[in-house]
Amino acid sequence: MAKLVVLSGPSGVGKDTLLQRLLQRVPGVVKCLTATTRPPREGEQHGVDYLFLSQEEFEQWIAEDRFLEYARYNQAYYGTPRHLVDEWLAQGVDVILKIEVQGGLQVRQRVPEAVLIFVQPPSMEALRQRLQQRGTDTPEQIAHRLRIAEQEMQAIPHYDYLVTNDDIEQAVDLLRAIILAERARVPKR
Ligand code: 5GP
């Protein structure tokens with residue numbers, strides 16, 4: 001049975017790089033496209049980075065129960081289209097959802113057999129330094145992201161695995177090991 005895997009973690013922790021390397025190293029895994037109402041950032045494309053929906057479209061999809069989960073984050077909606085996940089799983093491919101924790105917890109409720117992985121920074125200080133080095137945020141925005149990060153880390157007990165992104169290669173090795181071990185699980189009736 002193909003697995004549904006949730007990958008969450010604070011902004012700036014390095015989830016994108018980890019995921020990119022993981023996808024290169026483990027065959028049979030895809031990242032599911034998700035939908036959002038936030039405006040595209042420079043270089044982002046509809047249907048590649050996100051399905052960029054208007055607020056009205058998103059709310060219509062909610063009304064039609066087309067999301068496996070959805071949440072509001074940073075004044076925008078984000079959600080996982082149910083049909084995309086179902087299509088991949090039906091093809092026998094493991095599906096990774098890179099989503100924030102409110103969505104992760106909804107997946108926990110709706111798909112109890114999903115595998116939830118949380119990526120944490122080595123320390124809050126390390127996270128602050130990474131956000132500073134990224135150079136995209138003002139000091140106020142960084143302080144705000146750090147407060148959100150602390151809230152998000154409260155959800156760790158609901159996750160199955162905790163990966164610390166200190167050394168990136170080690171973190172990718174661990175993610176790969178988790179997925180391979182999950183594939184080797186004896187199916188429970
Ligand atoms: P960004 O705006 O930086 O692309 O994403 C903001 C946050 O929303 C990130 O933590 C990202 O993982 C999360 N996110 C992206 N797509 C979804 C989704 O479909 N559902 C939920 N709950 N979170 C999402």
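For the range 104-125, a tally of residues being part of a helix (DSSP H, G or I) and either over 25 Å from V5 (Cβ atoms) or free of Cβ contacts under 8 Å to residues at least 40 places away in the same chain (or both) returns 4. Applying the criterion of being among the aliphatic types (A, V, I, L, M) and more than 15 Å from the ligand (Cβ to nearest atom) to the residues of the range 83-115, the residue that is farthest from the chain's Cα centre (by Cα) is A90. Quick one: in the range 53-77, of everything that is in a loop (DSSP other than H, G, I, E, B) and more than 22 Å from V107 (Cβ to Cβ), which residue is farthest from the ligand (Cβ to nearest atom)? By that ranking, first place goes to S54.
The one condition from (1) farther than 28 Å from R147 by Cα; (2) in contact with a helix residue (DSSP H, G or I) (Cβ under 7 Å, 6 or more places away or on another chain) that L116 does not meet is (1).
Please verify whether T80 is at pLDDT 95 or above, of a type in the set (S, T, N, Q), touching a Ser or Thr at 6+ places or on another chain (Cβ under 9 Å) and near the ligand (Cβ under 9 Å from one of its atoms), treating the condition exactly as stated. Against the criterion (at pLDDT 95 or above, of a type in the set (S, T, N, Q), touching a Ser or Thr at 6+ places or on another chain (Cβ under 9 Å) and near the ligand (Cβ under 9 Å from one of its atoms)), T80 qualifies.
Quick grid of which residues meet (1) touching a helix residue (DSSP H, G or I) at 6+ places or on another chain (Cβ under 9 Å); (2) within 19 Å of V29 (Cα to Cα):
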| residue | (1), (2) |
| --- | --- |
| P112 | no, no |
| Q133 | no, no |
| D137 | yes, no |
| R145 | yes, no |
| L162 | yes, no |
| L175 | yes, yes |
| I178 | no, yes |
| V186 | no, no |
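If the condition is being closer than 19 Å to L7 by Cβ, among the hydrophobic types (A, V, I, L, M, F, W, C) and in contact with a Phe, Trp or Tyr (Cβ under 8 Å, 6 or more places away or on another chain), then the range 30-65 contributes V30, C32, L33, A35.
Of all residues in the range 53-74, those being out of contact with any Lys or Arg (no Cβ under 8 Å at 6 or more places or on another chain) and either of a type outside the set (D, E) or touching a residue at least 40 places away in the same chain (Cβ under 8 Å) (or both) number 12. Identify the residue in the range 23-52 that is in a loop (DSSP other than H, G, I, E, B), aliphatic (A, V, I, L, M) and under 21 Å from Y70 (Cβ atoms) and, among all such residues, is nearest to the ligand (Cβ to nearest atom). Out of the qualifying residues, it is L33. In the set (1) assigned to a helix (DSSP H, G or I); (2) of a type outside the set (V, I, T); (3) modelled with pLDDT of 95 or more; (4) more than 9 Å from the ligand (Cβ to nearest atom), L131 fails one condition alone, (3). The set of residues in the range 5-29 being over 21 Å from L131 (Cα atoms) and exposed (fewer than 14 other Cβ atoms within 10 Å of the Cβ) consists of L23, Q24, R25, P27, G28.
For Y161, the conditions (1) without any contact (Cβ under 8 Å) to a residue 60 or more places away in the chain; (2) hydroxyl-bearing (S, T, Y); (3) within 16 Å of the ligand (Cβ to nearest atom); (4) crowded, with 17+ Cβ neighbours inside 10 Å all hold with the exception of (3). The single condition among (1) surrounded by 18 or more Cβ atoms within 10 Å (Cβ to Cβ); (2) over 26 Å from R41 (Cβ atoms) that R183 does not meet is (1).
The values are calculated or read from the model by the stated rules, or taken from the named source; none is laboratory data. Everything numeric here is computed off the predicted structure, so don't read it as measured data. FYI the Cβ positions are ideal-geometry reconstructions off the backbone, even for glycines, and counts take in every protein chain you see.
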